[in-house]
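**Student:** Quick one: the structure is below, and I'll ask about it shortly.
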Amino acid sequence: ALATFLHQSSGINAEYGEKTTESQKTFKMEAGSTIVACVGAGILPTILPYFSDDVAKFLNVGSMSLSFGTQIWVGSVAGLTMFRTLKRRTFGTLQSKLFPKYATLNTACSFIALATFLHLRKLGPTESFSLLGKTMEGSALVSCLFSNVLNSLYFIPATTKLMFTLHKRERELGLEDQIGGVSPMKTEPNATESDRKTLLKFNIHHGVSMLMSLVSVGAGAAYLYFIAKNTKI
């Protein structure tokens, strides 16, 4: 499947494969899937009373563990391996397909963890707002959810759009694509001021997106630690 995707992406690259209309459709579909996932997770509190507390605990710990494990794998193993193996533009195209799904999964898991946490504490909407800010567990869950929603709905789509704009300009300028490294646009003498501004915007958006991921990882690790601390095996 990966080989097929890389073959298709190379064909896309040969045709300046940013095809704006297609990219916009992809962003809309991924934003839509994130919203659907959030709405689905939001309905969870209405059906949780029909399940036992043990099932709710499983959903709580399982969802946060799934999100945490996914983030560690993508950030520390898969991402670095692809970065050091694939040409930069191919790597970027692959990431543009993976990261929206990655963010959607993390957002849905954050919603599930928060909903089950409030259910197990037997808290209603009014009480939950006061508790979340007073407990470390609640603060960690809110941090996870907030950072993942921001990544899903804004930073990842915006970063991807800027990346495709840079890729197109690099090809127009005849810049070589290499394994690893960063965009040569900054030092390219034929690059315009607009090109450099686009590169700066990309770096800012990419940096903030990475920061949101780090917040989610850190908050998820903290939550799992607090759960483990109170668990008897």
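The values are calculated or read from the model by the stated rules, or taken from the named source; none is laboratory data. Remember, predicted model here, so these are calculated numbers, not experimental data. Note that we place each Cβ from the backbone using ideal geometry, even for glycine, and neighbour counts take in every protein chain shown. Please note that ligands, DNA and RNA were not included when accessible areas were found on the heavy atoms of the full protein model with its side chains. Shrake-Rupley method; radii C 1.70, N 1.55, O 1.52, S 1.80 Å.
**Student:** May I ask you to list pairs of residues, at least six apart or on different chains, whose Cβ atoms are under 8 Å apart, with the first in the range 179-190 being closer than 24 Å to THR81 by Cα and the second being open to solvent by 100 Å² or more (accessible area, probe 1.4 Å) and of a type outside the set (Ser, Thr, Tyr)?
**Tutor:** Hits for this filter: ILE179/ARG84; ILE179/LYS87; GLY180/ARG84; PRO184/GLU176.
**Student:** Please verify whether LEU131 is touching a residue at least 60 places away in the same chain (Cβ under 8 Å) and within 30 Å of ASN60 (Cα to Cα), treating the condition exactly as stated.
**Tutor:** When the stated conditions are applied, LEU131 does not pass them.
**Student:** Being polar (S, T, N, Q), farther than 11 Å from PHE111 by Cα and outside any loop (DSSP other than H, G, I, E, B) is the filter; apply it to the range 34-66 and report the residue that is modelled with the lowest pLDDT.
**Tutor:** Per the criteria, the residue is THR34.
**Student:** Has the range 156-169 got at least one residue that is in contact with a helix residue (DSSP H, G or I) (Cβ under 9 Å, 6 or more places away or on another chain), farther than 20 Å from LYS97 by Cα and part of a helix (DSSP H, G or I)?
**Tutor:** yes
**Student:** Out of all the residues in the range 43-72, which are of a type in the set (Phe, Trp, Tyr) and within 13 Å of ALA115 (Cβ to Cβ)?
**Tutor:** If the condition is that a residue be of a type in the set (Phe, Trp, Tyr) and within 13 Å of ALA115 (Cβ to Cβ), then PHE51 is the only one that fits.
**Student:** State all residues of the range 76-104 that are touching a residue at least 40 places away in the same chain (Cβ under 8 Å), open to solvent by 50 Å² or more (accessible area, probe 1.4 Å) and out of contact with any strand residue (DSSP E or B) (no Cβ under 9 Å at 6 or more places or on another chain); if no residue qualifies, say none.
**Tutor:** Once the filter is applied, which keeps residues that are touching a residue at least 40 places away in the same chain (Cβ under 8 Å), open to solvent by 50 Å² or more (accessible area, probe 1.4 Å) and out of contact with any strand residue (DSSP E or B) (no Cβ under 9 Å at 6 or more places or on another chain), the range 76-104 yields LYS97, PHE99, LYS101.
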